[in-house]
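Below you'll find the structure, written out as C-alpha cells, and then a few comments.
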Amino acid sequence: MPTNRTWFITGAGRGMGADFVTAALDAGHDVVATGRDPEAVAGALPASDHLLVLRLDVTSAGDAQAAVAATVERFAAIDVLVNNAASFEAGFFEELTPEQIDRQLATTLIGPMNVTRAVLPTMRRQRAGHVVTISSTAGLAGYEYCVAYGAAKHGVEGFMGALAAEIAPFGIHTTIVNPGFFRTELLTRESAHYAIPSIEDYAERNAAQRAFWEGSDGKQGGDPAKLARALLTVVGEDPPPRRFIAGADAVATAEQHVATLRQETDAYRELSSSLAFDDDGTEA
C-alpha cells in the first residue's frame with residue numbers, strides 16, 4: 001500500500017469523523033470526507049487540495065455507490081475506509097419504538113455494510129486496502145438504556161469478524177475500533193434521541209439514565225484528536241491489528257469482558273463438554 005493513501009471517511013462533518021479527516025490530511029494523505037450535508041462537512045474542515053467532500057447518507061446504497069465512483073474518478077484508489085457514521089437511540093427496550101430501533105440499525109449497522117459493499121470492488125481490483133469500522137465498548141458489553149445502540153454495535157462486531165476472513169485473500173485488512181467514552185458529538189441533541197417514557201415501572205430509572213447521558217455530553221474523558229492520531233498509527237502497522245481498544249476505560253471494559261467470558265465458560269465446562277454423540281453415534 002502506498003505511503004500517501006486515499007482515505008474515505010463517513011460521518012466526517014463533526015465529532016470524531018472531523019478529527020479523523022484532519023489527522024489524515026495533516027499526515028499528507030488524500031481524504032474523502034462524506035456526510036449527509038456536504039456544505040456542513042466542508043465548513044467543519046480545513047481547506048485542502050487533498051480533500052474531496054461528498055454527500056453520503058450511509059443508509060442509502062445508491063449514495064454509497066455514487067460517492068465511491070466520484071472518489072475513484074478523483075483519486076483513482078481507495079486505500080483506507082473508515083466507517084464512522086453513527087447515531088444514538090437511547091432508552092429502555094420496552095419504551096423504544098420499532099421505528100427508533102430501525103433507525104439505529106439502518107445508520108449504525110446497515111450503513112457500514114452499504115459503504116463497505118460499495119468500496120470493496122475497488123479494493124479487490126487493487127488487491128490492497130483496509131476497512132476500519134468504529135464500534136464501541138457497547139459492542140463488547142451490554143449497557144442498560146443502550147439496547148438499540150448495543151444491538152447495532154454487536155452486529156458490527158459480527159459483520160467485521162466474518163468479513164475479515166472473506167477479504168483477507170485479496171490483501172484487504174480489517175480493524176475494529178472499540179472506543180470508550182470520548183468527547184464527540186454523539187450525545188448532542190443532533191445525534192442522540194431518547195425513547196419517550198411510557199411505562200411507570202421504568203420511571204425512576206428512566207429519569208436517572210436520561211440525566212446521566214445528557215449530563216455526560218461534553219464531559220467525556222477521551223480526546224478524539226488523540227484517537228485520530230492513534231488511528232493513523234494503527235493503520236500504518238504492517239500488518240495492522242484486527243482490533244484496537246481505544247481509551248483506558250475501554251481497556252478496563254475489555255479486560256472485564258474477557259474475565260467474565262472466562263468465568264462463564266469455566267462454570268459449565270464439564271456440562272458443555274458432554275454434549276457430543278457417543279462413539280456409536282447414539283445420544284447418551
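Every number in this text was worked out from the coordinates using simple rules, so none of it is lab data. Since we're looking at a predicted model, the values are computed, not measured. Neighbour counts are summed over all protein chains in view; Cβ atoms, including those assigned to glycine, are modelled from backbone coordinates with ideal geometry.
Details
- As a length-normalised measure over Cα pairs under 8 Å and 6 or more apart, the relative contact order of the range 6-272 settles at 19 percent.
- Its residue count N sets the reference 2.2 N^0.38 Å, and the alpha-carbon radius of gyration of the chain equals 1.09 times that reference.
- Label-point separation, Ile196 to Ala40 (7 Å along Cα→Cβ), nm: 2.3 nm
- Put the Cα centre of the range 86-145 next to the Cα centre of the range 44-77 and the gap is 19 Å.
- With kT/(6 pi eta Rh) evaluated at 37 °C and eta = 0.692 mPa s, and Rh the Kirkwood radius from Cα pairs, the range 25-129 diffuses with a coefficient of 219 µm²/s according to Stokes-Einstein.
- Cα gyration tensor, the range 220-278 - rounded (a/c under 1.5), prolate or oblate: oblate
- When only alpha carbons of the range 1-71 are considered, Rg and Dmax amount to 11.3, 31 Å.
- Springs between Cα atoms under 10 Å define the GNM used for the chain, and in it the highest mean-square fluctuation of Gln256, Gln100, Gln65 occurs at Gln256.
- Taking amide H as placed 1.01 Å from N in the peptide plane, His173 has its amide H under 5 Å from the amide H of Gly129, His130, Val131, each at least 5 places away in sequence or on another chain.
- The calculated 222 nm mean residue ellipticity attributable to helices in the chain amounts to -14000 deg cm²/dmol, summing -39500 (n - 2.57) over DSSP H runs of n ≥ 4 and dividing by all residues.
- The stretch between Val258 and Glu204, if pulled fully straight at 0.36 nm per residue, gains 16.3 nm over its current Cα-Cα span.
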